[in-house]
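Visitor: Before I ask anything, here is the structure I am working with.
The values are calculated or read from the model by the stated rules, or taken from the named source; none is laboratory data. This one's a predicted model, so the numbers in the text were calculated from it and none came from an experiment. So basically every Cβ, Gly included, is an ideal-geometry build from the backbone, and we count neighbours across all protein chains shown. Please note that ligands, DNA and RNA were not included when accessible areas were found on the heavy atoms of the full protein model with its side chains. Shrake-Rupley method; radii C 1.70, N 1.55, O 1.52, S 1.80 Å.
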Protein chains: 2
Amino acid sequence: MKKFINSFDDLVRDSVAGLVMAHEGLLALNESPLFVCRRTPKAKRVALIAGGGSGHEPLHTGYVGPGMLDAACPGEVFTAPTPDQIVAAARRVEAGQGVLMIVKNYAGDTASFQMAADMLDMDCATVLVNDDVAVDSSVRTTGRRGVAGTLVVEKMVGAAAEAGADLYECKALGTRVNGCTASMGVALSSCTVPEAAAPTFEIGPSEIEVGVGIHGEPGRHRQRLVPADDIVTLLLEPVLKDLVLAPGRELLLHVNGFGGTPLMELYLLNRLATQRLQAQGFTVRRWLVGNHTTSLEMAGASLTVTALDDELLGLWDASVTTPSLRW
Amino acid sequence: MKKFINSFDDLVRDSVAGLVMAHEGLLALNESPLFVCRRTPKAKRVALIAGGGSGHEPLHTGYVGPGMLDAACPGEVFTAPTPDQIVAAARRVEAGQGVLMIVKNYAGDTASFQMAADMLDMDCATVLVNDDVAVDSSVRTTGRRGVAGTLVVEKMVGAAAEAGADLYECKALGTRVNGCTASMGVALSSCTVPEAAAPTFEIGPSEIEVGVGIHGEPGRHRQRLVPADDIVTLLLEPVLKDLVLAPGRELLLHVNGFGGTPLMELYLLNRLATQRLQAQGFTVRRWLVGNHTTSLEMAGASLTVTALDDELLGLWDASVTTPSLRW
């Protein structure tokens, strides 16, 4: 797999530096231990920190800024950040109201964030995101995986924190958003970790991996590539089964690309998924389409549905100013 | 090549409909002939129309909205839009001050836009974008190709039109921005047109195409993959040679991905290119990093440099509200 790279050792560090350079008015870089935070800290608000292995960009570093995260801690590719990164980030951004850690449910991530919380002498709480309905447990996980729904949690809790919600309220909200959010993905190709000699998994020229994880972990099954309409069925049915929504519910639909799929195809999926949800009596009120929670250059996509109410709709619509989400 | 698709015939139409769905507050769809325009037309201003083959998303449909384009006409994949699309779009968005067409320099595009202009009974002017310094002529082109610099022209002229510049001023500005903008790209992989059975071009497992076009057209030469630092040299030297800038100039740097290259690598290129420009005595004042002018799922990237002055900086910074560019 050909990549733009100088050295494996410097890839994450230099890439994060390149992000901060491109958004110098918005972001600040802490080189060692590595984290990204807002250039202008917010005052007297709950601080939100997220993090995880690199290779899912723009998640999480691309969502630091007013209305969303205060800091993000990128680990090496597909590797959890170390506790010292999280501790240093928390000490930098804590503003007297405590720290909420938004953590995708992977064994490495939960261990690092827990260890950091234990080391910190401040109020800390955690929201664990496990929106992936594909599998109950996986190679990196006890319980369900956290995937593209993480962005929804970060956005909504970010809006609440900005508006002055306290730590307890932010944690309760995050847990609630996670609970009304479900995702499932499909891969058309593998990704290749920079240091690895070979793709993460093998997949035939007309095969797809249904329920794939964002590190290329196995999903529910392999099958032949089918038309986009059938792929929407494969993804949406388990998502809706999990959410058990009454018809008439208002929804947020997030069509997420894994990195290697063109926007043209993601918008096609959006049209088909929206029409399907409408046909089933739901009202799609908001959409987000794009490569947000990626798996390096993997071709594929996931569908995420969040059940909205007036509060969640307002939090989604609230102003946000980050490198990769802005309105 | 596996793709999310129902039928080749409906791909572009359905994908554009999916875009408009996701941005229903911002965009309106005209199904036949196909174009996208703002939902809320601007009044008494020059109308800006762009268009070209699909497969380069978000260009151009993703840049319709306040501060940028009034309408975009997507052709079939890598195929110019037809004159009737452009005529219909112009009639819809013209607001008494004439229409400026921003056209990438490809034979099919220039012919369609010229034919449309001849058919329209309103003031029309054209800005031809030819920022690609890689080759003087190409398989689809007489003269240089128009590539990622098109976005810069659309953004700056969009800001001027919004502020009330007349048709003459908009055209002169577009020509000036094109003249102080230069780009060059490199491909690590080919793209595959949906209808085609095979990739657009063959490329070995450790080869790169230096100077590639955004339809996979040949560039200057083939060579072995080299470290990212050397790739920055390969791209930046011809760009700077073309622009003949005095040291001290202020620049906009646009690192554009062709679709299949992860953001992580684009930000790495951004860091290296920025450092290189700084070392040569330039000041990078603004950055844009991401997949903006793509070639379906091609892996690769281009660097675009625009020489700034106070006017152009102000136009770049002016508010913009489109699906894929917003600040």
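Visitor: Return the only residue of B:P74, B:P66, B:P83 being within 14 Å of chain A (Cβ to nearest Cβ) and either open to solvent by less than 40 Å² (accessible area, probe 1.4 Å) or of a type in the set (F, W, Y) (or both).
Guide: After applying the criteria, what remains is B:P74.
Visitor: Residues of the stretch B:83-100 being touching a helix residue (DSSP H, G or I) at 6+ places or on another chain (Cβ under 6 Å) and either under 18 Å from B:T142 (Cβ atoms) or in a loop (DSSP other than H, G, I, E, B) (or both), which ones?
Guide: B:G98
Visitor: I'd like to verify a number: residues in the stretch A:23-57 that are within 14 Å of chain B (Cβ to nearest Cβ) and in contact with a Leu (Cβ under 6 Å, 6 or more places away or on another chain), how many?
Guide: The qualifying residues number 3.
Visitor: Tell me yes or no: at least one residue of the stretch B:25-47 is under 30 Å from A:M298 (Cβ atoms) and in contact with a His (Cβ under 6 Å, 6 or more places away or on another chain).
Guide: No, every residue in the stretch B:25-47 fails to be under 30 Å from A:M298 (Cβ atoms) and in contact with a His (Cβ under 6 Å, 6 or more places away or on another chain).
Visitor: Taking strands (runs of 3 or more DSSP E) that do not extend beyond the stretch A:11-81, which have at least 3 residues that are in contact with a Pro (Cβ under 8 Å, 6 or more places away or on another chain), of a type in the set (G, A, S) and in the same structural domain as A:K171 (by TED's automatic domain parsing)?
Guide: The qualifying strands (runs of 3 or more DSSP E) are A:47-54.
Visitor: Now for a separate question. Considering every residue within the stretch A:142-161, establish whether at least one is open to solvent by 10 Å² or more (accessible area, probe 1.4 Å), of a type in the set (S, T, Y) and under 26 Å from B:L263 (Cα atoms).
Guide: no
Visitor: I'm trying to understand the selection: among the residues of the stretch A:175-192, which are more than 14 Å from chain B (Cβ to nearest Cβ), of a type in the set (A, V, I, L, M, F, W, C) and farther than 11 Å from A:R144 by Cβ?
Guide: A:V177, A:C180 - these are the residues of the stretch A:175-192 that are more than 14 Å from chain B (Cβ to nearest Cβ), of a type in the set (A, V, I, L, M, F, W, C) and farther than 11 Å from A:R144 by Cβ.
Visitor: Of everything in the stretch B:115-141 that's among the polar types (S, T, N, Q) and under 25 Å from B:D84 (Cβ atoms), which residue is most open to solvent (accessible area, probe 1.4 Å)?
Guide: Across the stretch B:115-141, the extreme among qualifying residues is B:T126.
Visitor: Then there is this: Go through (1) within 23 Å of the chain's Cα centre (by Cα); (2) within 10 Å of another protein chain (Cβ to nearest Cβ); (3) touching a residue at least 40 places away in the same chain (Cβ under 8 Å) for A:G18 and report which single condition fails.
Guide: (3)
Visitor: Check B:F35, B:F8 and return the single one that is open to solvent by less than 50 Å² (accessible area, probe 1.4 Å) and of a type in the set (F, W, Y).
Guide: The match here is B:F35.
Visitor: Among the candidates A:A279, A:A273, which residue alone is touching a strand residue (DSSP E or B) at 6+ places or on another chain (Cβ under 6 Å) and either at pLDDT 95 or above or surrounded by fewer than 24 Cβ atoms within 10 Å (Cβ to Cβ) (or both)?
Guide: Going through A:A279, A:A273 in turn, just one is touching a strand residue (DSSP E or B) at 6+ places or on another chain (Cβ under 6 Å) and either at pLDDT 95 or above or surrounded by fewer than 24 Cβ atoms within 10 Å (Cβ to Cβ) (or both): A:A273.
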